[in-house]
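Encoded as structure tokens, the structure appears first; notes follow it.
Values in this text are rule-based calculations from the coordinates and carry no lab data. Here the structure is a predicted model, which is why all the values come from computation and not from measurement. Note that we place each Cβ from the backbone using ideal geometry, even for glycine, and neighbour counts take in every protein chain shown.
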Amino acid sequence: MKIAIYPGSFDPITNGHLDIIERSAQIFDKVVVAVSINSQKSPLFSIEERIEIVKSVTSHIENVEVKTFTGLLAEFAIKENAKVLIKGLRAVSDFEYEFQMALMNKKIQPELETLFMMCNKEYSYLSSSIVKEVGRLGGDLSGLVPDSLIERIKNKLK
Ligand code: COA
């Protein structure tokens, strides 16, 4: 079984993330969305909320599982029997940081490959932070995140 991990903070998940998850699920037998407890970020949504939200917006994709992890991503991947980490590349600016992480993950677990997927051009400018900023300032979030999340994000930002 070919298993891939798609990691991130998902605070909140955006249509850009969802696009990568849907496309990955067509390539791999199973995609584990790994929601990170990132101590360097102060999230808007708790880890429990982020997991629940990611589960709800991916419930239509049969071969997606949602989990959380602490510690090293490379070790979590091996524990999940995954050989591939999926990362979305939005712009050239993502490359340097992702390159560094891919090499470090390979050093930690040499059998692990990082696979980069180009973001859909419609979402290449998206990030969770920019979604939160637009929402905080009263902007329209439609098309940026799944419709079912818009009210929830706006309420949380109040
Ligand atoms: N569509 C929309 N937005 C996207 C996106 C896409 N396809 N891909 C990335 N983004 C956004 C994310 O939402 C995030 O936005 P934010 O900074 O506003 O929250 C931003 O781009 C950066 O994404 P990413 O680099 O994936 O950061 P992250 O915080 O979501 O996840 C981990 C980072 C979890 C992958 C990384 O910290 C990690 O591996 N941690 C584990 C610890 C570890 O092993 N460290 C050693 C690594 S070598």
May I ask which residue of G138, M117, S36 lies farthest towards the positive end of the charge dipole of the range 20-158, with charges of +1 (Lys, Arg) and -1 (Asp, Glu) on Cβ and the Cα centre as origin? G138
With 0.36 nm assigned to each residue of separation and the Cα-Cα distance removed, F116 to S39 gains 25.3 nm
For 121-127, 5-11, ranked highest to lowest by mean beta-carbon neighbours within 10 Å, the order is 5-11, 121-127
Under 16 Å from the Cα of K132, which lysines turn up, not counting those fewer than eight places away in the same chain? K41, K154, K156, K158
Rounded to the angstrom and largest first, Cα extents along the principal axes for the range 3-125 equal 34, 32, 31
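Please report the equivalent ellipsoid semi-axes of the range 1-66, computed as sqrt(5 x eigenvalue) of the Cα gyration tensor, largest first, in whole Å. Walk me through the numbers on the way to the answer.
Details: eigenvalues 87, 27, 20 Å².
Each semi-axis is √(5λ); the values are 21, 12, 10 Å.
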List the aspartates and glutamates whose alpha-carbon lies under 19 Å from that of K79, not counting same-chain residues fewer than 8 positions away? D29, E65, E111, E113
Amide H to amide H, which residues 5 or more places from S9 or on other chains are under 5 Å from it, using H placed in the peptide plane? S36
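Once you charge only the Cβ atoms, +1 for Lys and Arg and -1 for Asp and Glu, what is the size of the charge dipole of the chain about its Cα centre, to the nearest 20 debye? Present the calculation step by step, with values, prior to reporting the outcome.
On the way: 20 positive and 21 negative charges, 52 e Å.
Result for the chain is approximately 260 debye, rounded to the nearest 20.
Sorted by mean Cβ packing within 10 Å, highest first, what order do the peptides 134-140, 51-57 take? Spell out each step's value before the answer.
Working: 134-140: 12.7, 51-57: 18.6.
Sorting 134-140, 51-57 by mean packing, highest first, produces 51-57, 134-140.
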